[in-house]
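Below is one structure, written out as structure tokens; comments come after it.
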Amino acid sequence: MAPSTDVAVQELSHTTAEVSEIVFFLLGAMTIVEIVDAHQGFKLVTDNISTRNPRTLLWVIGFVTFFLSSILDNLTSTIVMVSLLRKLVPPSEYRKLLGAVVVISANAGGAWTPIGDVTTTMLWIHGQITTLNTMQGLFLPSVVSLAVPLALMSLTSEANGSSQKSSSLLSSEQMAPRGQLVFAVGLGALVFVPVFKALTGLPPFMGMMLGLAILWILTDAIHYGDSGRQRLKVPQALSRIDTQGVLFFLGILMSVGSLESAGILRQLANYLDANIPNADLIASAIGVASAIIDNVPLVAATMGMYDLTSFPQDADFWQLVAFCAGTGGSMLIIGSAAGVAFMGMEKVDFFWYFRKVSGFALAGYAAGIITYLAAQNLPLSLPTSLAEIPFISGS
């Protein structure tokens, strides 16, 4: 359908360049997290969870996952926290409920930072949102979208049972040599990416690759000459990351790119504008759709439908899309990567989640949107002195 082969090749080159930035970013982030996990670095987080009161544990797990997911991606956070739950709580309905809390928390935590979720990362890399404004605008709605389901779950019979006995497995896993150092450097590398982008103006994946390179040199130096520690090095970690997932994103984003190049997404945007004149309703509908359809193609399609001339950088629409696509997936267990991972790890079926959790997640989703819209109509802003800090004032 292209006017000429040259036009098709030009569009392909442009789309491939954009998609590759996201793919390299994900490869770097997943490898860093895998290295930290191989060194048992996350024991620093999990060892500090000491409460066995069911209701308190519900809130602790929720907020630990929430903040962990704001730095890691929601899929990795879910795998780490569900693995922890297996060591903290014996198999039961209560453990399933805690797993569902992890899914909701991971999705809510990933929505308010540029590196917390694939969809927010996509919007950030392509310039629709910036670091400070996103964190400022979406933190409170994300907290509300987690707090409401937690409060409602605290009233259920599962959360009011007897205290849970901890497993002895947790203490048996020893942290690898220099595990604390690897944890600190890995975490620092992830947090440094937005700073790197603001200071240099280079794409975020370059910052992620720089962080991975530093961690690679560090781990090679620490484990030099010890053949028994090969699994703790980057080459082995690269073989363990979810390459299938990365290739899935590659395929989806390239497919959406073809729809954008053919002009189909622009026609869809015009149709939505004509029939749903309210941009907030469109963003909310995207979130509801993300409970059924994967949020990556949804957000990619939205970016193709509306460019920065339709909605400028950091417009309310883009922030609401980031929030809704991130948190809307919690409403069904198949709506997010975190939910699918939980489903596989704990053998939870679709209908159990639908009966026990979907209503709570929907209440949190609606409360988060209301909070965001209310906050945008109130005269709240950060002090100007904070906004003048160079690495957080820009993108």
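Every number in this text was worked out from the coordinates using simple rules, so none of it is lab data. The shown structure was predicted, so the numbers you read here are calculated from the model rather than taken from an experiment. As a convention, Cβ positions derive from the backbone with ideal geometry for all residues, glycine included, and neighbour counts pool all protein chains shown.
Please work out the FRET efficiency for the pair residue 195 and residue 16, using the Cβ-Cβ distance as r and a Förster radius of 25 Å; give the result to the nearest 0.05. So the FRET efficiency works out to roughly 0.35.
Relative contact order of the chain: 26 percent, from C-alpha pairs under 8 Å at least 6 residues apart in sequence. Rounded to the nearest 20 debye, the dipole size of the chain about its Cα centre is 1480 debye, using +1 on the Cβ of Lys and Arg and -1 on the Cβ of Asp and Glu. Is the shape of the stretch 28-169 rounded, prolate or oblate, going by the alpha carbon gyration tensor and its root eigenvalues a ≥ b ≥ c, with a/c under 1.5 for rounded and a/b larger than b/c for prolate? In terms of gyration-tensor shape, oblate. Cross-link reach is defined here as a Cα-Cα straight distance under 21 Å, omitting same-chain residues fewer than 8 places apart; for residue 233 the lysines meeting it are 43. Its relative contact order, with pairs defined as Cα atoms under 8 Å and 6+ residues apart, puts the stretch 233-359 at 25 percent. For the stretch 324-368, the list of trypsin sites (Lys or Arg not before Pro) that fall in a loop by DSSP and count at most 10 other C-beta atoms within 10 angstrom reads 347. Looking at the stretch 183-290, the pairs of alpha carbons with a distance over 23 Å make up 57% of the total. The alpha-carbon positions of the chain define a convex hull whose volume is 154 Å³ per residue.
Rounded, prolate or oblate for the stretch 241-370? Axes are the square roots of the Cα gyration tensor eigenvalues, ordered a ≥ b ≥ c, and the cut-off for rounded is a/c under 1.5. Oblate, since a/c reaches 1.5 and b/c is not below a/b. Mean residue ellipticity at 222 nm, helices only, the chain: -23000 deg cm²/dmol; runs of at least 4 DSSP H residues each add -39,500 (n - 2.57), and the sum is divided by the number of residues. Eigen-decomposition of the gyration tensor built on the alpha-carbon atoms of the stretch 39-123 gives equivalent ellipsoid semi-axes of 22, 13, 11 angstrom, largest listed first.
Kindly point out which whole DSSP H helices in the chain project their C-alpha atoms 24 angstrom or further along the helix axis while averaging a Kyte-Doolittle hydropathy of 0.0 or above.
Counting only whole DSSP H runs, the qualifying helices are 5-38, 54-71, 93-110, 131-153, 179-200, 204-222, 243-261, 358-376.
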